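Notes follow the structure.
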Number of protein chains: 4
Amino acid sequence: MTKRQPTRSFASDNNAGVHPRVLRAIARANVGHVVAYGDDPYTQSAIRKFREQLGNDIEVFFVFNGTGANVLGLQALTQPYHAVICAETAHINVDECGAPERFTGCKLLTVRTPDGKLTPEGIKPLLHGIGVEHHVQPRIISISQATEMGTVYRPAELKALSDFAHQHNLLLHLDGARIANAAAGLKVRLREITADVGVDLLSFGGAKNGMMYGEAVVFFNRDQAAGFKFIRKQGSHLASKMRFISAQFDALLTNDLWKKNAAHANRMARILARELAQIPKIEITQKVEANGVFAIVPRRYISLLQKQYFFYVWNEVTSEVRLMTSFDTTESDIREFVVLVRQTVR
Amino acid sequence: MTKRQPTRSFASDNNAGVHPRVLRAIARANVGHVVAYGDDPYTQSAIRKFREQLGNDIEVFFVFNGTGANVLGLQALTQPYHAVICAETAHINVDECGAPERFTGCKLLTVRTPDGKLTPEGIKPLLHGIGVEHHVQPRIISISQATEMGTVYRPAELKALSDFAHQHNLLLHLDGARIANAAAGLKVRLREITADVGVDLLSFGGAKNGMMYGEAVVFFNRDQAAGFKFIRKQGSHLASKMRFISAQFDALLTNDLWKKNAAHANRMARILARELAQIPKIEITQKVEANGVFAIVPRRYISLLQKQYFFYVWNEVTSEVRLMTSFDTTESDIREFVVLVRQTVR
Amino acid sequence: MTKRQPTRSFASDNNAGVHPRVLRAIARANVGHVVAYGDDPYTQSAIRKFREQLGNDIEVFFVFNGTGANVLGLQALTQPYHAVICAETAHINVDECGAPERFTGCKLLTVRTPDGKLTPEGIKPLLHGIGVEHHVQPRIISISQATEMGTVYRPAELKALSDFAHQHNLLLHLDGARIANAAAGLKVRLREITADVGVDLLSFGGAKNGMMYGEAVVFFNRDQAAGFKFIRKQGSHLASKMRFISAQFDALLTNDLWKKNAAHANRMARILARELAQIPKIEITQKVEANGVFAIVPRRYISLLQKQYFFYVWNEVTSEVRLMTSFDTTESDIREFVVLVRQTVR
Amino acid sequence: MTKRQPTRSFASDNNAGVHPRVLRAIARANVGHVVAYGDDPYTQSAIRKFREQLGNDIEVFFVFNGTGANVLGLQALTQPYHAVICAETAHINVDECGAPERFTGCKLLTVRTPDGKLTPEGIKPLLHGIGVEHHVQPRIISISQATEMGTVYRPAELKALSDFAHQHNLLLHLDGARIANAAAGLKVRLREITADVGVDLLSFGGAKNGMMYGEAVVFFNRDQAAGFKFIRKQGSHLASKMRFISAQFDALLTNDLWKKNAAHANRMARILARELAQIPKIEITQKVEANGVFAIVPRRYISLLQKQYFFYVWNEVTSEVRLMTSFDTTESDIREFVVLVRQTVR
């Protein structure tokens, strides 16, 4: 059943539409025929822009969505007897209906974390049974940047993780569904939290940052990308009219649109958190480093608020909710919502 | 490497862009926030229009592309020890990089056909070893409508196949990447070649008929759709911003746009075939019943033509080429191409 | 590298050989030709004996080993988007190299337990997101009887679990690699801890109780076994010379050999635990209800002991070792070992 | 339903029992405890004997059966988007219930052959679409030696196939369920039809040549075996009491038992064929180069014969039957059967 709701809610950055510049880029690409499946100038241009951001040595492939990017990228770097280490809260662990296990055959080994962030110390206890055939063999450390908790890894934290990974014959995967929010929050260039700190595989998100659909799988080591075009096609993620994904990424990577969208969403999240924090009985539970706000709201108020605003309860036990801002959130959206919360809580 | 080419080629209906009405529908849907993943009014409306076309008892799910529709639909109706019977030329057999086997575990059992069409007689020899555990168990007959050879099944032929299937405890899958072309060619309503003739599962194509992306999986028996929402999500084909697929299908099913696009493409194919047939040394090899034209062209001319037009050689041995028309093909596109062929062949 | 060791160690009940009566049964079955793959009188006889033990409504299939029994049985009852709930220490979770995920596609959801035993209370928190396509859907509760910790579920505990399972649309799988030890320990008939308490699927172990190889997959609901013969064959667990697995099970189920072997091993474990408990600095950590003994042994002694006896450290952190007895363990084996431990610890 | 039958039929070499020397080796290995899963002296000895036969550079792993050997070996050398080329009659194609597709994800591409033997010429037409992501990528040529038709590849034919394979970036797999029969028939050493002629992967059969169970996977390039121990375990083919497979192979490779068994079965097949060929209306259809005899027998006689002898009709259309001899077939078995055939046909 469709929930009634105001123009813009705080349920998810997936609930937003498409940025006008992205939509215009799609329209501009809608001219005549081009070769299907990516052998077209729009795709070449978008790939060039990815290389400008992330380095000339990358290989980049476009797929339809984030789950596709994650599972197909992971398949490229694993054997079915490998294990993928991730946070218990990781999207690949809880929000992809078991797609990673199903596509890769791998087991996911999870680490409990207070803030969604992995550390070498947290991972170490999982590195046992190495070389023993009875046990799955850890091969990938998969982290989310920004995390599902709205927190962000610093470049030094990423470097520590990739060093740790490589010392232990592991590879580092970064689920960057919200990498733009992370980079904007850190005020760094995209390569400073990927190529420069030893990330091996990146899922680069588009849909949560103003695109209609489309995600990119980026390999920082070309050898590891060798079979990926087959994996993508067999994985049913090769778009026939590829140019329309490419044109969107091209727009996102032109004139820093990716950064503007993300920085705006982040700023809205900070404002929202600041306002909510001043309301009695509401407690902000995570640092607001990207575009997510986590807050404990007494249970009886949640249901009242949800009558007018659709949003997700993150943790039923602790009565914690998740509020997300997006590229199109306005300050007046926030004001309206905060007024409602104040009235409700009073 | 990108091929140079005229504005519109005859390589594939996938090389065309998006119909303007579809693009406008996307733009119209780009308003405010809606719940992600399909719980939105655009999706409800599109589903309603599918039901108007195909019957109220269907279940319909949108996915990103045709390979996704085929393999996930087939997964829903099979166990890994089943077999899927199809024409040797079927898209699922030769053009999906083994995705059906990989996703479903099933073996594909193929039938050689001169025209891409299956018949009960052609299938019968494959129905052995039933109940014997050493052998895969046939479960699905999968046909393409229109076929990969540009031919079309009559309603009576479909009925004969579905009767045969159901008598043998099999189900009938219709890969309808070009079902619009088939229906337009037959001058029948969509339900006359699906629900009315006993089709169990349909992949309903959008991208080859003027959409940007998006395909629908239609179950004609609701029980068989029970787990499909999980299959789609785990199969990484659940679109977050679903409304933009839905809006496209809505446009396609409004004011018979699906039929106009397809009928136009079909007419262009007939004209193209008629013109080519008059050129010496060129031989049309298949009936032109949809939007594909198959022709034998002497080998030395093919390479000359391909310098200016990108198109596919279908059969290297017989020197047979495939030419496809699309919703945006014009009569002057055809004239231009035919002139070139005449000059080349002369 | 092969470890030097005494005639019989306490490393694993898998390290024992074959019970003489089992070996004789094999030799007796080695007469002339019989139809391969199970259509033979030895298999019919063994199945009959299983039905005498577990009820006439069961379906039983023989496979080569325990991993095969577990994963193929689970495959029969699941879809790839389901989840299997088990103890963190479960064999399927830690000792099968990810085979369950790889074969079934399912995610394993684990529960931390002090003694390897699941309870409804421990499972409840995992039953969320039901019906929501983003999340795997719990479908199976899988328990080990006896557990990997040497503990045993009482019939009432099993009944509580199966009631809980069935109330929540789940099925109960029992990994019975050591079900004989459990039944012998409880002094109950096999059906009292399976059919009578609502178990749906059973992996019935042979190799840990005196057989050479072979495990049985038992379905307590015939409908659920419908496709299993194909699953077994496709899962590469259909033995061509099936009669030799069948003859072994026949011997095990004749004159209560299964019970004698298990009761003996259990008694040896109790003696071993009693003796070790009297040694200073050694602490027995789990109830000895089957044929396993868990004990904390100071780290420096472990390595000394392992020079002469091969056994496994269960938990490096707590310095806990696992000692297993088997059908052929003798009291003098125990005396010898205990003497060594006393000398080492002194 | 179990068929009534004489002591020894000609249905299958799988219907025979265990050679007495193999059974004695099992009994001899049944002494005390040894480390499970292959870290034992019996396994070391058997591996040594394999190296004596096939070269010191091999890696060899024991599994439970032939399907397991084939599919796990193939998994080790393929990616899911690869294709395996084999004869239409190959065991992996028709008799393993789709296990190869299910385990490896690969499509099987088949070649029609009159005698079950592949040739470079027959394979060539399948080598198209190389490098094109829409199509599966041929990676393995899989042949059976002896073939399912009872024919045998000469060393030069094998060399031609492996040269062809390696020139086209393919690997050569030999399904050696009956490799002993082939080597005995050719009067060559095992290495002359494997290592010496460029075979990459071998499934070495035991059960069809006097063993109870057990098959070996042999890699002739050690690098390709790197992950196999995990593949075997995850594939549920790691035997806990491995010593009993090893002891059987040890016996088979001691004093040329493998060769004696196979040569005897081959000789019985030649006699059987010679006798049948003299009976009017019976036509031998394949060269008898191993232990199989294929013959056309008028349909009405088949059913009469099957009342007393269980054997398989190979081809219903041509009324062709398959008769297999085994290590324990006697000349009087043949005489008895031939007498019956003569009486029936008369």
What net charge is computed for the residues neighbouring residue A:114, neighbours being all others with C-beta under 12 Å from the C-beta of residue A:114, Lys and Arg scored +1, Asp and Glu -1? +1
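Given Cβ point charges of +1 (Lys, Arg) and -1 (Asp, Glu) and nothing else, what value in debye, to the nearest 20, does the dipole of chain D about its Cα centre take? Please report the intermediate quantities before stating the final value.
Details: 42 positive and 33 negative charges, 217 e Å.
For chain D, the charge dipole is close to 1040 debye.
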In a shell of Cβ-Cβ distance under 14 Å around residue B:193, excluding residue B:193 itself, what net charge do Lys and Arg (+1) and Asp and Glu (-1) give? +2
Using θ = phi - 60° and the Karplus relation 6.51 cos²θ - 1.76 cosθ + 1.60, list the HN-Hα couplings for the range D:146-154 in order, rounded to whole Hz, with x at every Gly or Pro. 4, 6, 5, 9, x, 9, 9, 7, 6
Counting only other residues whose beta carbon sits under 13 Å from that of residue C:332, what net charge do I get with K and R as +1, D and E as -1? -3
Once R0 is set to 30 Å, what does the formula 1/(1 + (r/R0)^6) return for the Cβ-Cβ distance between residue C:299 and residue A:119, expressed as a FRET efficiency to the nearest 0.05? 0.65
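Where only protein heavy atoms count, and the probe is 1.4 Å, what is the accessible area per residue for the range D:257-345 in Å²? Could you put the intermediate results ahead of the total?
Values: 4010 Å² over 89 residues.
With all protein chains present, the range D:257-345 gives 45 Å² per residue.
222 nm [θ] for chain C, helices only, -39500 (n - 2.57) per DSSP H run of 4+, per residue, to 500? It would help to have the intermediate numbers written out before the result.
On the way: 13 runs with 132 residues, N = 346.
For chain C, the value works out to -11500 deg cm²/dmol.
Compute the convex hull volume of the Cα atoms of the range B:257-345, divide it by the residue count, and report the result per residue in Å³ as a whole number.
Numbers: hull volume 7.6 nm³, N = 89.
For the range B:257-345, the hull spanned by Cα atoms encloses 85 Å³ per residue.
Of the heavy-atom accessible surface of the protein assembly as shown (probe 1.4 angstrom), what whole percent is carbon and sulfur? Let's see the in-between values first.
Working: 23870 of 47820 Å².
Looking at the protein assembly as shown in its full context, I get 50 percent from C and S.
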Using each residue's phi in the range B:168-182, evaluate 6.51 cos²θ - 1.76 cosθ + 1.60 at θ = phi - 60° and report the 3J(HN,Hα) Karplus result to the nearest Hz, with x for Gly and Pro. 9, 6, 10, 10, 9, 9, 10, 7, x, 3, 10, 5, 5, 5, 5
Cα-based shape type of the range A:160-216, given that a ≥ b ≥ c are square roots of the gyration tensor eigenvalues and the cut on a/c is 1.5: oblate
Taking H as built 1.01 Å from N, whose amide H comes closer than 5 Å to the amide H of residue B:87, not counting residues under 5 places away? B:111
For residue C:7 paired with residue D:48, estimate the spin-label separation in nm (one decimal), with each label point 7 Å from Cα along the Cα-to-Cβ line. 2.5 nm
Cα centroid separation - the range D:30-50 against the range D:109-132, whole Å: 41 Å
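Taking a quarter of the surface of the Cα convex hull of the range B:136-268, what do you get in nm²?
Numbers: hull surface 36.2 nm².
Answer in nm², one decimal: 9.0.
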By the C-alpha gyration tensor axes a ≥ b ≥ c (rounded if a/c is under 1.5, else prolate when a/b exceeds b/c, else oblate), the shape of chain A is oblate
About its Cα centre, what dipole magnitude does the protein assembly as shown give when the only charges are +1 on Lys and Arg Cβ and -1 on Asp and Glu Cβ, stated in debye to the nearest 20? 0 debye
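Any idea what the dipole of the range A:134-279 comes to, in debye rounded to 20, about its Cα centre with Lys/Arg Cβ at +1 and Asp/Glu Cβ at -1?
Working: 19 positive and 12 negative charges, 83 e Å.
Around 400 debye, computed over the range A:134-279.
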With solvent modelled as a 1.4 Å probe, how much accessible area in total do chains C and D shield from it at their shared surface, in Å² to the nearest 100? 4900 Å²
Please compute the modelled spin-label separation between residue D:318 and residue B:39, points set 7 Å along Cα→Cβ, answer in nm with one decimal. 6.2 nm
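Please go through the residue pairs D:208/D:259; B:107/C:233; B:208/B:233; B:187/B:287; B:107/D:287 and name each one whose alpha carbons sit more than 20 Å apart in this structure. If you can, show how the numbers build up before the last one.
Details: D:208/D:259 13 Å; B:107/C:233 14 Å; B:208/B:233 24 Å; B:187/B:287 16 Å; B:107/D:287 31 Å.
Cα-Cα > 20 Å for B:208/B:233; B:107/D:287; rest within.
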Backbone HN-Hα couplings from phi across the range B:67-73 [Karplus 6.51/-1.76/1.60, Hz, Gly and Pro as x]: 4, x, 4, 5, 6, 6, x
Can you list the residues, at least 5 places off or on another chain, whose amide H is less than 5 Å from the amide H of residue C:137, using H built in the peptide plane? C:82, C:83
Nonlocal amide H pairs with residue D:321, under 5 Å, H built at 1.01 Å: D:295, D:296, D:297, D:314
Once label points are set 7 Å from the Cα along Cα→Cβ at both residue C:307 and residue D:277, what is their separation, rounded to one decimal in nm? 7.1 nm
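For the range C:212-293, which trypsin sites (Lys or Arg not before Pro) pass both filters: DSSP loop (anything but H, G, I, E, B) and at most 16 other C-beta atoms within 10 Å? Don't skip to the end; give the middle numbers.
On the way: sites: C:222, C:229, C:232, C:233, C:241, C:243, C:259, C:260, C:267, C:270, C:274, C:281, C:287; in loops: C:241, C:281, C:287.
In loop regions of the range C:212-293 (DSSP not H, G, I, E or B), the sparsely surrounded trypsin sites (Lys or Arg not before Pro) are C:281, C:287.
The protein assembly as shown: Rg/Rh from Cα coordinates, Kirkwood Rh?
On the way: Rg = 32.8 Å, Rh = 33.5 Å.
Using only Cα positions, Rg/Rh for the protein assembly as shown is 0.98.
The values are calculated or read from the model by the stated rules, or taken from the named source; none is laboratory data. All values derive from a computational prediction rather than experimental measurement. Glycine also receives a Cβ, built like all others from the backbone with ideal geometry; neighbour counts cover every protein chain displayed. Accessible surface is based on the protein model in full, side chains and every heavy atom, while ligands, DNA and RNA are left aside. Shrake-Rupley method; radii C 1.70, N 1.55, O 1.52, S 1.80 Å.
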